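Participant: The structure under discussion is supplied below as structure tokens; questions concerning it will follow.
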Amino acid sequence: MDITVAAVTASASFELRPAQLDEPRADEVLVRLSSVGICATDLHFATFLPTDAVLGHEGAGVVEAVGAGVTDLKPGDPVALAFTSCGVCKQCRTASPSYCAQFDALNFAGARPDGSSALRIDGQPVYGHFLGQSSFATHAVVNVRSVVKLPESADLRNAGPFGCGFMTGAGTIVNILKPGPESAIAVFGAGAVGLASVMAAAASGAQTVIAVDVSPGRLQTAQEVGATHVLDSREGDVAERIRAIVPDGLDGSVDTTGRADVVKDAVAALHTRGTCAVVGVGPSENVEIEWRTLLNGRTVTGVISGSAVPQVLVPQLLAWQAAGRFPVEKLIAHYAFADINEAAAATKRGDIIKAVLTF
Ligand SMILES: [Zn+2]
Ligand SMILES: [Zn+2]
């Protein structure tokens, strides 16, 4: 079928182009996009992928057609899209699909496992299936393992980022740190992922939720979505200031920055037996942690996509959103699909927290 995509250009921006999309295969679903979030990963990949590649991995929309082997979805179903996974490796079989043995091959190769792409521009196959989706497009053909069925009442204008950024931040809280009523959690970096962690920690009932950032505007947003305390990291020793709030130290911390100096603070502020979850990719290749700090029962763990099964976590987060406990609308700025370059530029400048394109 004929569709419109936002294809990567030689200057790492996007251009709306006519494209052709194949019919869904037996294990695939054709989705008409209603909205798609822009994530930092899209903008990073745009800098080195071939021209005409189609990115986008925070899509939400409506099922238009299903392949012969798809039994749990039908045309008209509202859905959000997430990464894909193989379904048969040890990690997939133990409900950890974000650590799938085939994750990179399935999500970043630009094609299905057999090397084919469902997308063509000017008759030539192009890089598609990005993170299971390539949803910078009016329509996408996706593997059924990427698809999260949503309730009829789902808010499709805001549902897209639940498949990546919001799931990453919130899943780290729900699946890894699991705060209880007396817990103290700190979140380093108040972007879309970090603020999703803040919202999830507050919604989980954590007593103390500290947001750390360098942007006064983002710290204010953090307070609006559930942070009990905010710290501007430029104003002095962060670990010390966290100890002033919670003298025993944190039960959990989340680093979304990928910066070694920040991770050191996020570990130093833990109490013994506390856990630091590292979810960000940033400028640092290595981080040095003092031996005895770690020896005293602390845990540092990496987390991909919130260690989530998207089909389990996304509906839970949407239920929180519907109840007013996960107010993503405070983070989202909507743009028309045609204004993707404007939305990408605002994202890069940090003017907005989460851009969502609408169709
Ligand atoms: Zn992402
Ligand atoms: Zn797998």
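The values are calculated or read from the model by the stated rules, or taken from the named source; none is laboratory data. Given the structure is predicted, the values throughout are model-derived calculations rather than measurements. All Cβ positions, glycine included, derive from the backbone under ideal geometry; neighbour counts span all protein chains shown. Accessible surface areas use protein heavy atoms only, side chains included; no ligands, DNA or RNA. Shrake-Rupley method; radii C 1.70, N 1.55, O 1.52, S 1.80 Å.
Participant: Hey, for a label at SER116 modelled as a point 7 Å past Cα toward Cβ, could you say which residues of region 1-21 have their backbone N under 16 Å away?
Facilitator: Label zone hits: 1, 20-21.
Participant: Number of Lys pairs in the chain with C-alpha atoms less than 30 angstrom apart, excluding same-chain neighbours closer than eight positions?
Facilitator: Counting lysine pairs in the chain gives 16.
Participant: Using Cα springs under 10 Å in a Gaussian network model of the chain, which residue among GLY67, GLY217, GLY306 shows the largest mean-square fluctuation?
Facilitator: The residue with the greatest mean-square fluctuation here is GLY217.
Participant: Something else: Skip the ligands, DNA and RNA, and give the accessible area per residue of region 72-142 with a 1.4 Å probe, whole Å².
Facilitator: 39 Å²
Participant: Would you give the gap between the C-alpha center of region 68-91 and the C-alpha center of region 23-64, rounded to a whole Å?
Facilitator: 15 Å
Participant: Something else: How large is the accessible surface per residue of region 169-304, computed with a 1.4 Å probe and reported in Å² as a whole number?
Facilitator: 44 Å²
Participant: Just the number, please: carbon plus sulfur as a percent of the accessible area of region 169-304, 1.4 Å probe, no ligands or DNA/RNA counted.
Facilitator: On region 169-304, the fraction of accessible area on carbon and sulfur atoms equals 48 percent.
Participant: DSSP loop (so not H, G, I, E, B), at most 14 other Cβ within 10 Å: list which chymotrypsin sites (Phe, Trp or Tyr not before Pro) in region 1-65 pass both filters.
Facilitator: The qualifying sites are PHE48.
Participant: Now a separate question. Of GLY350, HIS334, VAL314, whose Cα points farthest to the positive end of the dipole of the chain (charges on the beta-carbon: +1 Lys, Arg; -1 Asp, Glu; origin at the Cα centre)?
Facilitator: The one lying farthest along the dipole's positive direction is VAL314.
Participant: Could I ask something else about it? Springs between alpha-carbon pairs under 10 angstrom, Gaussian network model over the chain: which of VAL209, VAL312, VAL126 fluctuates most?
Facilitator: Evaluated over the chain, the most mobile residue of the options is VAL312.
Participant: Given the rule -39500 (n - 2.57) for each run of at least 4 DSSP H residues, summed and divided by the residues of the chain, what is its mean residue ellipticity at 222 nm, to the nearest 500 deg cm²/dmol?
Facilitator: It comes out at -6500 deg cm²/dmol, rounded to the nearest 500.
Participant: Provide the packing ranking of 273-286, 79-92, i.e. peptides ordered by the mean count of other C-beta atoms within 10 Å per residue, highest first.
Facilitator: In decreasing order of mean packing, 273-286, 79-92 become 79-92, 273-286.
Participant: Only four residue types carry charge here, +1 at the Cβ of Lys and Arg and -1 at the Cβ of Asp and Glu. Report the dipole size of the chain about the Cα centre in Debye, rounded to the nearest 20.
Facilitator: Computed about the Cα centre, the dipole is about 600 debye.
Participant: Another one. To the nearest 0.05, how large is the calculated FRET efficiency for GLU342 and THR299 if R₀ is 45 Å and r is the Cβ-Cβ distance?
Facilitator: Once the sixth-power term is evaluated, E becomes 0.60.
Participant: Roll a 1.4 angstrom probe over the protein heavy atoms and tell me the percent of accessible area of region 67-146 that is carbon or sulfur.
Facilitator: Carbon and sulfur: 53 percent of the exposed surface of region 67-146.
Participant: By average Cβ neighbour count within 10 Å, what is the ranking of 233-244, 184-195, 133-144, 99-110 from highest down?
Facilitator: Result, highest mean first: 184-195, 133-144, 99-110, 233-244.
Participant: Can you compute the charge dipole magnitude of region 291-353 about its Cα centre, using +1 on each Lys and Arg Cβ and -1 on each Asp and Glu Cβ, nothing else charged? Give it in debye, rounded to the nearest 20.
Facilitator: Dipole about the Cα centre, nearest 20: 440 debye.
Participant: Determine the equivalent ellipsoid of the chain by diagonalising the alpha-carbon gyration tensor, then write out the semi-axes as square roots of 5 times the eigenvalues, largest first, rounded to whole Å.
Facilitator: 35, 20, 19
Participant: Separation of region 183-225 and region 138-159 by C-alpha centroid, Å?
Facilitator: Spelled out, the Cα-based centre of one part sits 27 Å from the other.
Participant: Once Lys and Arg get +1 and Asp and Glu get -1 on their Cβ, which of ALA65, GLY324, PHE136 lies farthest toward the positive end of the dipole of the chain?
Facilitator: GLY324
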